[in-house]
1. Where the second residue is in a helix (DSSP H, G or I) and among the aromatic types (Phe, Trp, Tyr) and the first is touching a residue at least 24 places away in the same chain (Cβ under 8 Å) and over 15 Å from Glu42 (Cα atoms) and lies in the stretch 86-99, which pairs have Cβ atoms under 9 Å and are six or more apart or on separate chains?
2. Of all residues in the stretch 56-97 being of a type in the set (Val, Ile, Thr) and closer than 30 Å to Glu142 by Cβ, which is farthest from the chain's Cα centre (by Cα)?
3. Residues that are basic (Lys, Arg): which helices (runs of 4 or more DSSP H) entirely in the stretch 80-147 hold 2 or more of them?
4. Going residue by residue through the stretch 46-63, is there one that turns out to be part of a strand (DSSP E or B) and crowded, with 17+ Cβ neighbours inside 10 Å?
5. May I ask you to list the residues in the stretch 101-147 that are surrounded by fewer than 16 Cβ atoms within 10 Å (Cβ to Cβ), within 17 Å of the chain's Cα centre (by Cα) and farther than 17 Å from Leu60 by Cα?
6. Could you list, in sequence order, all residues of the stretch 29-58 that are among the charged types (D, E, K, R) and under 15 Å from Arg90 (Cα atoms)?
7. Name the pairs: first residue in the stretch 26-39 and within 15 Å of Gly75 (Cα to Cα) and in a helix (DSSP H, G or I), second residue hydroxyl-bearing (Ser, Thr, Tyr) and at pLDDT 95 or above, Cβ to Cβ under 7 Å, at least 6 apart or on different chains?
Amino acid sequence: MKKKAIKYPSADELKNPPGTVLREPEAAYVIDHVRIGLPMEEFHAMRGELGLTEERLAELLGMSRATLHRRKKAGHLDRSESDRLVRYARLFTRASVVLGGAPGARSWLAAPAVAFRGEAPLDFADTEVGAREVEALLGRIEHGVFS
């Protein structure tokens with residue numbers, strides 16, 4: 001059975017109305033797909049959005065090269081990898097809104113930041129706690145709060 005790709009909201013869709021990235025109907029849909037494992041097409045789409053190599057995104061998702069090869073062969077990620085991929089999609093979408101588009105988001109997410117002890121936001125967000133800190137900084141940037 002071919003899995004239907006998840007449609008992540010664009011920056012324009014997120015501007016009106018403001019709120020969480022995943023609203024009720026989308027949240028249930030995404031949760032179901034994360035639980036069964038996202039298709040590798042989602043991995044490749046996010047890799048393209050972030051401008052990363054397969055190996056770099058696999059590293060961020062906690063996958064070794066051998067695991068990446070197995071996932072390509074199987075055609076889908078496991079539950080934890082899928083959850084992490086959605087985390088990075090959420091951050092990318094939020095950064096795109098705050099920073100005026102995908103190029104600004106890509107650049108900001110990959111650049112070392114003093115707020116994260118010199119780590120890039122992508123690296124700092126390798127845990128849910130770190131991702132929340134990245135989101136909090138994006139919120140401060142959006143509202144012009146000195147950080």
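The values are calculated or read from the model by the stated rules, or taken from the named source; none is laboratory data. What you see is a predicted model, and the numbers here were worked out from it, not measured in a lab. When we count neighbours, we look across all protein chains shown, and the Cβ atoms used for this are built from the backbone with ideal geometry, even at glycine.
1. Correct list of pairs: Ala95/Trp108; Val98/Trp108; Leu99/Trp108.
2. Residue satisfying both the conditions and the ranking: Val97.
3. 128-142
4. no
5. The answer is Gly101, Pro103, Gly104, Ala136, Gly139.
6. The answer is Glu42, Arg47, Glu49.
7. Qualifying pairs under 7 Å: Val34/Ser82.
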